[in-house]
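Notes to accompany the following structure.
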Amino acid sequence: MKYCKSCKVSVVGKRKLCPLCQDRLIGDDYQEEVFPKISFVYKEHSWFLKIMLLISIIIATLSVALNILLPGRGAWSLFVLGGLGSAWASLINLINKHKNIPKNIVYQVMTISVTVLLWDILTGWRGWSINYVIPLVCVAAMLSMALITKIRKLYIEDYILYIIIDGLFGVVPIIFIISGLLDVLYPSIICISVSIISLSTIIIFEDKRLIAEIKRRLHV
């Protein structure tokens, strides 16, 4: 902030002359911000999000290319594209509305799962809902949660809920496999693997905080 010796007033801005007497002002151009700086999630993690977007584009391109080269297995690339789109839609929605993130994830997965199950049943049950869509939706949800943990600062309670949700998403395909309902196993195997990796990551890197929270809740 600059100062006028003649008028004995401080002047805000980048003026060189006093607006009252036109004398030269002294001091620097430093000006304290009137409003606090607001950090934007997208700007802070732009490189990370760009890398994830590039990876998603690569996966989508390879899936479509392989599906075209191997047409006999059906249009499975559409499920991959749908899973990626669902993951990004969930991620953007959850970043913008960061309250009750675990609850929103569960609601989205349940809504999509029920919708595709009913669609599969009403169109003559081919099993594509449990063979492909539900496992891939669970994978997309777990990847979204993993991205959110990198972008937003979470409380330990959120990690505990993520452990429960990851475990649930890993159990669902196991039930499908044990019941013998599946004709195609690899989407469910991928879902189980992602669940195990995600659970292991949280437990290994947040072990001290998890143990402390469990002791606090059990009054140990």
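When K150 is tested against (1) over 23 Å from S200 (Cα atoms); (2) in contact with a Phe, Trp or Tyr (Cβ under 8 Å, 6 or more places away or on another chain), just one condition goes unmet, and that condition is (1). Do you know which residues across segment 157-209 are touching a residue at least 12 places away in the same chain (Cβ under 8 Å), outside any helix (DSSP H, G or I) and not aliphatic (A, V, I, L, M)? Hits for segment 157-209 are D183, E206.
The criterion of being surrounded by 10 or more Cβ atoms within 10 Å (Cβ to Cβ), in a helix (DSSP H, G or I) and at pLDDT 80 or above does not hold for L78. Quick check: is even one residue across segment 95-102 of a type in the set (A, V, I, L, M), modelled with pLDDT under 80 and under 30 Å from D120 (Cβ atoms)? Within segment 95-102 (the criterion being of a type in the set (A, V, I, L, M), modelled with pLDDT under 80 and under 30 Å from D120 (Cβ atoms)), the answer is yes, since at least one residue qualifies. If you take the residues of segment 153-175 that are under 21 Å from G127 (Cβ atoms) and out of contact with any Ser or Thr (no Cβ under 6 Å at 6 or more places or on another chain), which of them is surrounded by the most Cβ atoms within 10 Å (Cβ to Cβ)? Once the filter is applied, the top-ranked residue is V172. Residue under question is V137, and the condition is that it be surrounded by fewer than 21 Cβ atoms within 10 Å (Cβ to Cβ), among the hydrophobic types (A, V, I, L, M, F, W, C) and under 22 Å from G85 (Cβ atoms); does it hold? In short, no.
The values are calculated or read from the model by the stated rules, or taken from the named source; none is laboratory data. Note that this is a predicted model, so its numbers are computed, not measured. Cβ coordinates were reconstructed from backbone atoms using ideal geometry, including for glycine residues, and neighbour counts include every protein chain displayed.
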